[in-house]
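The values are calculated or read from the model by the stated rules, or taken from the named source; none is laboratory data. Keep in mind that this is a model prediction, so the values were computed, not measured. Please note: Cβ atoms are built from the backbone with ideal geometry, for glycine as well, and neighbour counts cover all protein chains shown. These area figures cover heavy atoms from the full protein model, side chains too; ligands, DNA and RNA do not enter into them. Shrake-Rupley method; radii C 1.70, N 1.55, O 1.52, S 1.80 Å.
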Amino acid sequence: MTSHSAWLVTEGRVLASAEVANDRASRRKGLCGQTRIDGAFVIRHCRWVHTFGMRIPIDVAYLDANGNVLKTVLMHKFRLGAPVWQARTVIEAEKGAFARWGIQVGNKIEVRDNTNEAAPQ
């Protein structure tokens, strides 16, 4: 199971660190079993998620191919989300994170890969 580090960036400011799923195993495991989430989890080439096996509720954002937030939802444990057909990327975070970060429908979010460098300024 592999993932790599990235930054979530909007309008030139860093929102959070993130782990990006790189393979089927990391996509499948996702945030299952976590009791606390630091930062975010990013799943590329994704249109829907579920929270079966989750221990906490999560914020979910669906992004289009350009990184525009199409929809955000709060998903409780043991739920199946509805597909968002225009979505190409999903961002998951701990409940309340999107409010703290100011993520809303219409924002443009860049998932900037982190190659062991400091957070973008």
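Quick notes on this one:
- Considering residues of region 20-44 that are open to solvent by less than 70 Å² (accessible area, probe 1.4 Å) and modelled with pLDDT of 75 or more only, the residue nearest to Arg88 (Cα to Cα): Ile43
- Being part of a loop (DSSP other than H, G, I, E, B), within 19 Å of Val9 (Cα to Cα) and under 14 Å from the mean Cα position of the chain (by Cα) holds for only one residue in Ile91, Ile37, Ile43, and it is Ile37.
- Count of residues meeting criterion [of a type in the set (S, T, N, Q), part of a loop (DSSP other than H, G, I, E, B) and at pLDDT 95 or above] in region 46-88: 2
- Pair list, Cβ under 9 Å, 6 or more apart: region 71-86 residue closer than 11 Å to Thr51 by Cβ and open to solvent by 50 Å² or more (accessible area, probe 1.4 Å), other residue assigned to a loop (DSSP other than H, G, I, E, B) and of a type in the set (D, E, K, R): Leu74/Lys95; His76/Lys95; Lys77/Arg55
- Cβ pairs under 6 Å, 6+ apart, first in region 34-59 and within 19 Å of Val20 (Cβ to Cβ) and of a type in the set (Phe, Trp, Tyr), second outside any strand (DSSP E or B) and open to solvent by 20 Å² or more (accessible area, probe 1.4 Å): Trp48/Pro83
- The criterion of being modelled with pLDDT of 90 or more and surrounded by 18 or more Cβ atoms within 10 Å (Cβ to Cβ) does not hold for Thr10.
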